[in-house]
């Protein structure tokens, strides 16, 4: 036991440096996905609420397919389809190419989830709010921005928070196309890397990174939710 | 020329004819009570006046201005409608206050947004906003809500919410203030405080149309009563005529049922 601890203590600096690097990639994927999916989700939600029926059904079908299939398959298809089936590597080579493919798959997948949350948030606002705005002579734009938007934001913060926490952990799926995120970095020490091999603890230790990051996010999102508690 | 003239208004939802052929007039300063069982079309009529529903036929005139004419597409334009709506104010059954704003902000919001369309808004911003705030505060004081101005709707009772909603509607100075069952969501005690406010408005000769199930109130406050039944105006007249000497069988039946249920 003591021997093992000593060994870990020796390996620790190397492992931490490597895991930090992997976690950097994890965070990049996390933030890029949010930056893309939060606005794209709003666009998709408008599509799924469109009065133009074909657009509405097409959007809803697309959302249904994305939500109904595993993100892992979507990652594999996005990454391999252009190169292996179309014989055209659009992603570019190496880690940058893998990141682009992963980011696009993640953005599309999460945008679909967000779009359904937005739709619920908008449609859940009582019709009386719009009517009150109308009889007070407000324009549709004023009604959306001055009356509905805050109520929608308040409604969507809890479910969006849930998705954000899930996203942190879902980034690990990008391991399947060998994106060098933190799981990949931890696993490397099992196979052998930088003079360490057969070590499983680095892989287990990655859990601490997820836990801490999700703790920080939960705290911040909880604060935001509290801030919106001033009205009901 | 009548202050408000409603001519042959018709409205159906799918197969259901909700308003069959509604015509009436009212004068400035009058208080019109609309009574009748649920589903008789009272609320739909009120919503037509406020352009929340578009009638299938008929005309609505205010003085010599045609507000709505089903046969004239020019009166149906969205932009025009927004302006014409301001002739009317509407107080809803369930208040529909904006939850994220304080009582004062609820009363001020629409006025502020309208003021922005004034040409001198930019130069006199400070003064205009100051005036709007003072007027809003005055209205809330008039409604007995001096201490509640900075409260959010969820911190207010139903009766207080409804009084904020009345102040909000009054702040746009509508020619006719409409009430859609303003006390139906309130318990008897809170009903009293809202009815008191409406009565005070009637004493100041505010022109009002009140849809209500409070028969005693409808009778006391109104100068004219309309009894609606099945999409038609079944009986119309002074409160004395309609309540004490109804001519139609249906009116008698309705009032009888009402009295026997409220002994």
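The values are calculated or read from the model by the stated rules, or taken from the named source; none is laboratory data. Because the structure is a prediction, the values reported are computed rather than measured. Here the Cβ is made from the backbone with ideal geometry for all residues, glycine too, and neighbour counts use every protein chain on show.
Summary table
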{"item": "Residue within the range A:159-178 that is within 14 Å of chain B (Cβ to nearest Cβ), surrounded by fewer than 16 Cβ atoms within 10 Å (Cβ to Cβ) and touching a residue at least 24 places away in the same chain (Cβ under 8 Å) present", "result": "no"}
{"item": "Subset of the range A:186-213 [closer than 30 Å to residue A:157 by Cβ and surrounded by fewer than 16 Cβ atoms within 10 Å (Cβ to Cβ)]", "result": "A:207, A:208, A:211, A:212"}
{"item": "Yes/no for residue B:91 being touching a strand residue (DSSP E or B) at 6+ places or on another chain (Cβ under 7 Å), in contact (Cβ under 8 Å) with a residue 24 or more places away in the chain and within 25 Å of residue B:134 (Cα to Cα)", "result": "yes"}
{"item": "Tally of residues being within 14 Å of another protein chain (Cβ to nearest Cβ) and in a loop (DSSP other than H, G, I, E, B) across the range B:4-53", "result": "4"}
{"item": "Residue B:196 vs. criteria touching a residue at least 40 places away in the same chain (Cβ under 8 Å), more than 13 Å from the chain's Cα centre (by Cα) and away from chain A (no Cβ under 12 Å)", "result": "no"}
{"item": "Some residue of the range B:140-160 being touching a strand residue (DSSP E or B) at 6+ places or on another chain (Cβ under 9 Å) and either farther than 25 Å from residue B:26 by Cα or touching a residue at least 12 places away in the same chain (Cβ under 8 Å) (or both)", "result": "no"}
{"item": "Subset tally (residues that are surrounded by fewer than 16 Cβ atoms within 10 Å (Cβ to Cβ) and either under 23 Å from the mean Cα position of the chain (by Cα) or away from chain A (no Cβ under 13 Å) (or both)) for the range B:95-133", "result": "13"}
{"item": "Residue pairs meeting the criteria (Cβ under 9 Å; at least 6 apart or on separate chains; first within 14 Å of chain B (Cβ to nearest Cβ), in the range A:212-232; second surrounded by fewer than 12 Cβ atoms within 10 Å (Cβ to Cβ) and in a helix (DSSP H, G or I))", "result": "A:231/B:154; A:232/B:154"}
{"item": "Test set (1) over 18 Å from the mean Cα position of the chain (by Cα); (2) modelled with pLDDT of 95 or more; (3) away from chain B (no Cβ under 14 Å) - residue A:132 fails condition number", "result": "(3)"}
{"item": "Residue within the range A:59-76 that is outside any helix (DSSP H, G or I) and within 20 Å of residue A:183 (Cα to Cα) present", "result": "yes"}
